[in-house]
Amino acid sequence: MSLLHHDNMVEVVSIIDASCILSSCIKVFSIIHSSKRPQALSFRFLVLDDLNFDKLESLYRGCFPEIHVQFKRWSRPSTLPQLSNKGFDSEYIYSRVYLADIFHEVDRYVYLDNDAVVNMDIVELYHTPLVRATHPLTTRRKPPPKPTRGALRIAANMKASSHLNGHRRLTPTTATHRQQSKHVTMGFVFDVNEKLRGYVQNGFNQDSPLFKRAMSYIEPAKFFNGGVALVDAKKWRADNLTARAEAIILANDKGALYSPGLGDQGLFFLLLQEGIAELHPAFNMRRVPNKTTRFMKNNLGE
C-alpha cells in the first residue's frame, strides 16, 4: 500500500488495551466514515496489556485495508514510580505523556478516547491553530448578525482609509488577534458551568503555584474535557514536557497537587503552564444530555 507524503497525513493517536478493542474499532470506523479523504488518515496505537500484535494488525488491516495503521507496545519507563492501578491512578492515564516520544516521527496528532464516535471530518480538528486565547473565543460562538446598511458604510470607509498614502493598514480582527496569541502545545474543548467551579476547587491544591498560574488563563467555572485533544508533538519534545510531566507525577504523591480522580486532566492542567488552546465546542464528547442541550443553546440560540 502506497502512502501519501507524511506532511499530508492526518495523524490520530490512541491508547488501546484488552478492554477497548471493540470500541476502538468503532471509533476508527466513525472517523473513516466521516472523512472526505480517508486515504489521508493515519492511525497509531500505543498497546497496553499483553495483546497479540499479529492478531491486532490482522483485525485492523482486515477491517480497514486502505488505512495506515501502526502499533507500538508500551513499556513503563524506569523514571515512573510504581502505580497503584486503582481508579485513575493507572498506566492507561500516565502513558499519555509519552505518546509524543513513542511516536517520535509524528509532529502533530489528534488524541481521542476510545469511547468517542466521530460525526464530522477530523481534518477540521487536526488543522485547528494551537494558540492560547486571551479572551473567550470558542465557548459561545454564534453566527454573526447580518450587517446593517450603516455598518456596511462604515466598513467601506475603513477599507478606503486603510490605503492612505499608498500604505495598507490592517484593521484588528478576531483572526489576527488569535495569530498574535502565544502558540501552545495542546488544545482541549472547554465547558463552562457552575458545577465545574467546585470540581476545580476540590480537585487541586489551591496553594500550589502551578495551580495559581494555570488558573490565570481560564475562568473559575471553566474546565476542559481530556478525551479529545490536539497535540503539537514537535513542540512537546522541544520543550521536554515528558520530563516535566514526570516531575509533577512524582510530586503528586498522596494527592499533594491534585486528586488522582482528575486523571490526566489534572496532570495536563498543571503541566501546560503556557496555557491551553480552546478548541471549538463542536469537537466535544457530549455523553450527558444536558451538555448537548447547553451546546445547542449557546451556539444555535433558543
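The values are calculated or read from the model by the stated rules, or taken from the named source; none is laboratory data. The model shown is predicted, which means the values in this text are computed figures rather than measured ones. Every residue, glycine among them, receives a Cβ derived from its backbone with ideal geometry; neighbour counts consider all protein chains shown. Quick note on the areas: whole protein, heavy atoms, side chains included, nothing else; ligands and nucleic acids left out. Shrake-Rupley method; radii C 1.70, N 1.55, O 1.52, S 1.80 Å.
Here are the numbers for this structure:
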read-out: Sorted largest first, extent of region 39-116 alpha carbons per principal axis (Å); value: 40, 28, 25
read-out: Surrounding net charge for TYR217, when Lys and Arg each add one and Asp and Glu each subtract one, Cβ distance under 13 Å; value: +2
read-out: Net charge of Cβ neighbours under 13 Å - reference SER34; Lys, Arg +1; Asp, Glu -1; value: +1
read-out: Rounded to the nearest 10 Å², the accessible area of ARG213 at probe 1.4 Å; value: 110
read-out: Formal net charge of residues neighbouring ARG73 (Cβ-Cβ distance under 13 Å; K, R +1; D, E -1); value: -3
read-out: Heavy atoms of GLU66: accessible area, 1.4 Å probe, square angstrom to 10; value: 130
read-out: Whole-number percent relative contact order across region 21-121, with pairs defined as alpha carbons under 8 Å at least 6 apart; value: 44
